[in-house]
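Below is one structure, written out as structure tokens; comments come after it.
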Amino acid sequence: MPKAGFPLVSRPKAGLSRLSTARGCASSATMRGVSWPSRVFLSGQAISLLGDGLAVLAIPLLVLDLTRSPLISGLSAASMTLGYLAVGLPAGVLVDRLDAWRVLVTMDAARAAAFAVLYLLWVTGAARLWVTMTIALAAGAASVFFETALVVVVKDLFPGPGLIRANSALELASQAGLVAGPAIVGVLAAAGALGAALLADALTFAVSLASLLAVRRRVPHPARPTGLRSLAADFRAGIGYLLSVRVLVIMTVVQVIVNLCLATEKLMFYYAKVTLGLGAAGVGVVVAAGGAGGIAGAVSASWLAARIGQVRLVVLAVGASGLAIGSVATTNSLIALGAANLGYLWAITVASLANRTYRQLIVPRHLLGRVTSTVRLLFLTADPVGVVIAGSLTAALGGNPRPVFLGAGVIVAVTAAAGWGAGLRRAGPPGGPSQPWRP
């Protein structure tokens, strides 16, 4: 009978003290003492996340070889977002109905096949725009199912304190993939080898699939719900649970408002190039500083959560992100802007990890897919609305984004404080009883 999950850190041998065990846990970020199944699973997902990073640039470049339409190019770059808008809600319901681990396996196989087909179309010269876009959007939809199921499987495999360490490891891989992936594709495309990037993308998903199969005997398979309830009834059950737990309501409202305001970050390129007059290299340094902040956030989140507590960490990190994005308005140099972006990405990564982990811990397993997909859809919807607001306000101010950054930062900091006062300060520890909503 397979065990219900596996420890992130290998059990110490007999005779080792509790202090040794604690040290083993603290060193998990460096992969020392990590159990073999954990190492295989997390390594496979890290490779998969590199594939996501490769796809960020590979698909738009492939589309630009077929059309010069900025609309089509933008849609190809937003395939993941479009996937959430199209299948985000049903994905949550289906993941809760099906075996989440088998969803991971199926979606990895589908994504590997999709990018293998794109590679074959490219090398044979048979690529057509509508076929390429169809495959790209299908891969985006598969990623939505995969990410929703991954939240459930990670909760199954890494119970208790190991959960935030596992989430931190995955976030670290995601941040690294978003930095390395586009860079690798850019180099290959410049050498006329875009096909190699597509093939590499297919291989990353194949490696992830192999890692899932390698640990299949250690993956728990909880009993699936039976009955003939409709998808709509299952969806309503998920929404009903989300709205019944006070801490989830407050955290969701806070993050929707925060995402609305922090969409101002999309003006960072404009601010660097137009307002400060930085060249392409300077803009690249600012972006790289943000990437470094994201990596630092992924590394430090579990350490901070263990000492501060996850809910308190969410509030403090959201407030810090507001201060950082607001400070952009005061910057007048490359170094200052890079430091502000580094601080901002560090804070928002820490807040995201702590928020996600707390939600995984308190939401019942059989509802986690639905709650996750609903919350993510709300967050994704807020982002483009925020971009439109920030861009319109900047245009109305004569192209000056400084007041927009400052205003967004103030609203985010005030929202964090309001969330704390509205009830987050009374939120119980993860694993305790969920606090019902009482108006």
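Does Ala351 fit the bill of being of a type in the set (A, V, I, L, M, F, W, C) and touching a helix residue (DSSP H, G or I) at 6+ places or on another chain (Cβ under 9 Å)?
Details: of a type in the set (A, V, I, L, M, F, W, C): yes; touching a helix residue (DSSP H, G or I) at 6+ places or on another chain (Cβ under 9 Å): yes.
Here the answer is yes, as Ala351 does meet what is asked.
Identify, by number, the condition in (1) within 21 Å of Leu49 (Cβ to Cβ); (2) surrounded by fewer than 20 Cβ atoms within 10 Å (Cβ to Cβ) that Gly88 doesn't meet.
(2)
Check Gly282, Gly297 and return the single one that is surrounded by fewer than 20 Cβ atoms within 10 Å (Cβ to Cβ) and of a type outside the set (Asp, Glu).
After applying the criteria, what remains is Gly282.
Where residues in the range 252-287 are small (Gly, Ala, Ser) and within 16 Å of Ala324 (Cα to Cα), which of them is modelled with the highest pLDDT?
Result: Ala272.
Looking at Ala306, is it over 24 Å from Tyr270 (Cα atoms) and of a type outside the set (Asp, Glu)? Steps first, please.
Working: over 24 Å from Tyr270 (Cα atoms): yes; of a type outside the set (Asp, Glu): yes.
For Ala306, the condition - over 24 Å from Tyr270 (Cα atoms) and of a type outside the set (Asp, Glu) - is met.
Within the range 330-377, can you find the residues that are crowded, with 22+ Cβ neighbours inside 10 Å and free of Cβ contacts under 8 Å to residues at least 24 places away in the same chain?
Once the filter is applied, which keeps residues that are crowded, with 22+ Cβ neighbours inside 10 Å and free of Cβ contacts under 8 Å to residues at least 24 places away in the same chain, the range 330-377 yields only Ala340.
Tell me which residues, restricted to the range 203-221, are assigned to a helix (DSSP H, G or I), crowded, with 21+ Cβ neighbours inside 10 Å and hydrophobic (A, V, I, L, M, F, W, C).
Selection gives Phe205, Leu209, Leu212.
Of these, Leu199, Leu170, which one is over 14 Å from Gly53 (Cβ atoms) and part of a helix (DSSP H, G or I)?
Leu199
Find the helices (runs of 4 or more DSSP H) located wholly in the range 45-160 whose residues include 3 or more that are modelled with pLDDT of 85 or more, and list them.
Per the criteria, 79-97, 100-124, 129-157.
The values are calculated or read from the model by the stated rules, or taken from the named source; none is laboratory data. Just so it is clear, the model here is predicted, and its values are computed rather than measured. Because the Cβ atoms are built from the backbone with ideal geometry, glycine has one as well, and the counts that use them run over all protein chains shown.
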